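Here is the structure we will look at, set down as structure tokens.
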Amino acid sequence: MQRTPWPLRLSLGSKLLAAAGLLLPQASQAASLPAMPAATPATASQTQVAPHWRFHRDHVLGTSLDLITVGGNEATGREALAVAQAEIDRLDRVLSRYRADSELAALNQCDQMQVSEALYEVVAACEQWRTRTQGAFSARLGVALALWQDAGFSGKLDTDAIVRAVAAAEAAEVKLNPTSRTITRPADVVFAPDALAKGYIIDRALQAVRNQVEGLDGLLIDIGGDIRSWGRAPQASGWQLGVAQANQPQDNAPLVATLQLGSKAVATSGRGQRDIEINGMAHAHIVSPQTGAAITEVSSVTVVADRAADADALSTAFAVMPAAQSLALADRLPGVATLLQLADGSQLQSAAWQGMSEARSSLAPRFIHTADAATAPWPAGFTAIIDYEVPKIEAENYKAPFVAIWITDQNRAIVRNLTHLGNQEKWIDSNYVWWRRYGRKIEKLDTVTKPTRKPGKYSLAWDGTDEAGRKVGQGKYLVHIEAAREHGGHTYQTFEIELGSKPLSLPQAAKDELGGVVLRYGKSA
């Protein structure tokens with residue numbers, strides 16, 4: 001398909017965009033945001049973890065929010081959480097594509113509109129990244145994306161209509177007037193800036209906290225795997241971030257790399273829980289602006305940049321671009337690094353990535369589970385999946401529960417820890433069964449970057465290995481689920497599973513703070 005080149009018709013207003021933190025700094029420009037100091041460097045005397053507080057909220061921007069504060073006290077952390085949440089809520093009312101009452105929805109209903117500063121900055125930045133990536137990134141694909149979503153419900157994919165929609169949108173002339181903040185929208189363009197807007201909101205939430213909350217030395221905001229960090233980290237070596245393995249939608253997916261960062265942003269785009277299923281086949285939710293087709297070459301892209309908006313946009317663009325072009329562009333952009341996980345299982349890294357990450361190996365065998373040599377081996381290709389939900393509960397002073405899930409043998413000897421959701425130091429041992437038996441001994445990261453997941457819905461995988469990475473055998477095991485809520489109750493339940501050579505499904509009823517739990521065992525897809 002021929003794509004008509006779009007002439008750059010806007011004076012983007014470098015001051016406006018720089019103030020928004022949306023442009024990577026050029027040699028001739030200086031960003032107008034206050035300088036953000038790097039994380040405290042490690043020294044011989046800094047061996048202890050700095051005082052910090054962790055907070056988790058589900059159902060934020062269609063996914064979840066995790067926030068870590070360093071310095072101050074718990075009250076300072078809660079103030080930071082409230083400020084960040086207020087800014088997120090404010091910008092959601094401006095930028096959401098899923099709210100009929102958002103300012104973006106109003107813009108998509110008219111030909112021309114004078115818009116707020118935030119909406120103008122986001123649309124302008126999207127148009128600039130469209131130019132800089134030669135069309136690999138576009139926020140004009142609302143019509144095509146709606147056709148893809150409709151196909152997920154109807155089972156009928158109208159590829160011709162999608163091709164026509166992207167061609168018309170990309171050939172249209174969008175006009176931006178930075179003086180009046182007026183956007184002129186052609187009829188063929190429906191703005192869908194999700195792939196940059198979430199990063200923009202993270203940047204703005206972090207800046208709001210820095211402006212309004214005193215006493216903080218460091219801060220990390222993670223919304224659905226897109227992350228921005230600033231200042232001092234809990235550990236002297238910097239913020240510790242894991243990168244999840246591609247094509248592993250479970251929340252405890254293996255890690256392929258770890259990053260130690262200062263004041264940076266990280267975003268990951270790719271295949272995952274947002275895939276669109278049509279007639280039993282999953283298609284990536286990221287589509288090419290040139291063809292309208294779902295991406296196939298890349299499974300996951302992780303980008304490190306100075307701003308979350310930039311990392312967000314580039315992770316989507318690199319998922320669309322040929323891998324060689326993605327790496328070349330990353331190497332040209334200051335402060336940018338990327339890891340591409342391709343559909344064939346291979347990985348490609350930009351030059352800068354190699355200097356800030358290390359490969360992730362399996363966990364050291366802190367816990368040894370001795371399998372009975374007489375038992376039958378774990379069936380090849382089988383995986384146990386545990387799906388559970390943290391429902392949205394309307395209650396005064398409600399805090400999401402801390403959840404721990406782990407596997408033991410029948411003698412309650414640890415086989416494999418699957419997850420612990422919620423690491424706030426004051427409350428981490430509220431899951432006292434898990435903490436006493438296991439939690440106080442395991443390694444912890446600050447957060448993990450991966451494609452965005454659905455709100456309140458969690459999925460864990462167990463591949464039949466113990467903590468030393470060795471396969472266990474068939475037989476009976478116990479699944480332990482513990483949930484504790486701040487200012488609330490504590491529940492602990494176990495159920496037995498017998499894993500053999502045949503698939504099984506075991507639903508468990510909702511209990512107290514958790515929704516239903518389902519264990520599925522069988523051949524992995």
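The values are calculated or read from the model by the stated rules, or taken from the named source; none is laboratory data. All of these numbers come straight from a predicted model, not from anything done at the bench. Every residue, glycine as well, gets a Cβ built from its backbone with ideal geometry; the counts of neighbours run over all protein chains shown.
Figure legend. Inter-residue proximity from the range 69-84: first residues in contact (Cβ under 8 Å) with a residue 24 or more places away in the chain, second residues assigned to a helix (DSSP H, G or I) and buried (at least 17 other Cβ atoms within 10 Å of the Cβ), beta-carbon distance below 6 Å, spacing 6+ or different chains. Indicated pairs: 69/77; 69/80; 80/209; 83/208; 83/209; 84/205; 84/209. Checking each residue of the range 170-186 against the condition of being within 20 Å of residue 93 (Cβ to Cβ) and in a loop (DSSP other than H, G, I, E, B) gives at least one match. Of the numbered criteria (1) free of Cβ contacts under 8 Å to residues at least 40 places away in the same chain; (2) crowded, with 22+ Cβ neighbours inside 10 Å, the one residue 211 fails is (2). Within the range 98-115, the set of residues being surrounded by fewer than 18 Cβ atoms within 10 Å (Cβ to Cβ), out of contact with any strand residue (DSSP E or B) (no Cβ under 8 Å at 6 or more places or on another chain) and touching a residue at least 24 places away in the same chain (Cβ under 8 Å) comprises 98, 110. Residue 501 fulfils the conditions (1) under 30 Å from residue 341 (Cα atoms); (2) at pLDDT 80 or above; (3) exposed (fewer than 12 other Cβ atoms within 10 Å of the Cβ) except for a single criterion, (1). Criterion first (free of Cβ contacts under 8 Å to residues at least 60 places away in the same chain and outside any loop (DSSP other than H, G, I, E, B)) does residue 125 satisfy it? Spelling it out, it is not the case that residue 125 is free of Cβ contacts under 8 Å to residues at least 60 places away in the same chain and outside any loop (DSSP other than H, G, I, E, B).
When residue 106 is tested against (1) farther than 27 Å from residue 214 by Cα; (2) modelled with pLDDT of 50 or more; (3) in a loop (DSSP other than H, G, I, E, B), exactly one condition is not met: (3).
May I ask you to list the residues in the range 153-184 that are within 20 Å of residue 291 (Cα to Cα), surrounded by 15 or more Cβ atoms within 10 Å (Cβ to Cβ) and of a type in the set (D, E, K, R)? Once the filter is applied, which keeps residues that are within 20 Å of residue 291 (Cα to Cα), surrounded by 15 or more Cβ atoms within 10 Å (Cβ to Cβ) and of a type in the set (D, E, K, R), the range 153-184 yields 164, 170. Going residue by residue through the range 504-521, is there one that turns out to be modelled with pLDDT of 85 or more and either hydroxyl-bearing (Ser, Thr, Tyr) or more than 23 Å from residue 389 (Cα to Cα) (or both)? Yes, that holds for at least one residue. Only one of the listed residues (146, 169) is over 20 Å from residue 304 (Cα atoms), in contact with a Leu (Cβ under 8 Å, 6 or more places away or on another chain) and of a type in the set (Gly, Ala, Ser). That residue is 169. Within this structure, residue 86 passes the test of being within 22 Å of the chain's Cα centre (by Cα) and aliphatic (A, V, I, L, M). When residues in the range 229-254 are screened for being closer than 15 Å to residue 357 by Cβ, hydrophobic (A, V, I, L, M, F, W, C) and surrounded by fewer than 21 Cβ atoms within 10 Å (Cβ to Cβ), 0 of them pass. Consider the range 262-279 and keep the residues that are surrounded by fewer than 23 Cβ atoms within 10 Å (Cβ to Cβ) and touching a residue at least 12 places away in the same chain (Cβ under 8 Å). The one that is nearest to residue 457 (Cα to Cα) is 273. Do you know which of the residues in the range 89-103 that are basic (Lys, Arg) and in a loop (DSSP other than H, G, I, E, B) is nearest to the chain's Cα centre (by Cα)? By that ranking, first place goes to 97.
Each row is one residue, and each column tells you yes or no for (1) modelled with pLDDT of 90 or more; (2) farther than 30 Å from residue 155 by Cβ; (3) under 13 Å from the mean Cα position of the chain (by Cα).
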position	(1), (2), (3)
230	yes, yes, no
243	no, yes, yes
246	no, no, yes
254	no, yes, no
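Restricted to the range 327-359, and to residues that are under 20 Å from the mean Cα position of the chain (by Cα) and of a type in the set (S, T, N, Q), which residue is nearest to residue 127 (Cα to Cα)? Applying the filter and picking the extreme gives 338. For residue 453, indicate whether it is within 26 Å of the chain's Cα centre (by Cα), at pLDDT 85 or above and under 27 Å from residue 59 (Cβ atoms). Criteria not met by residue 453.
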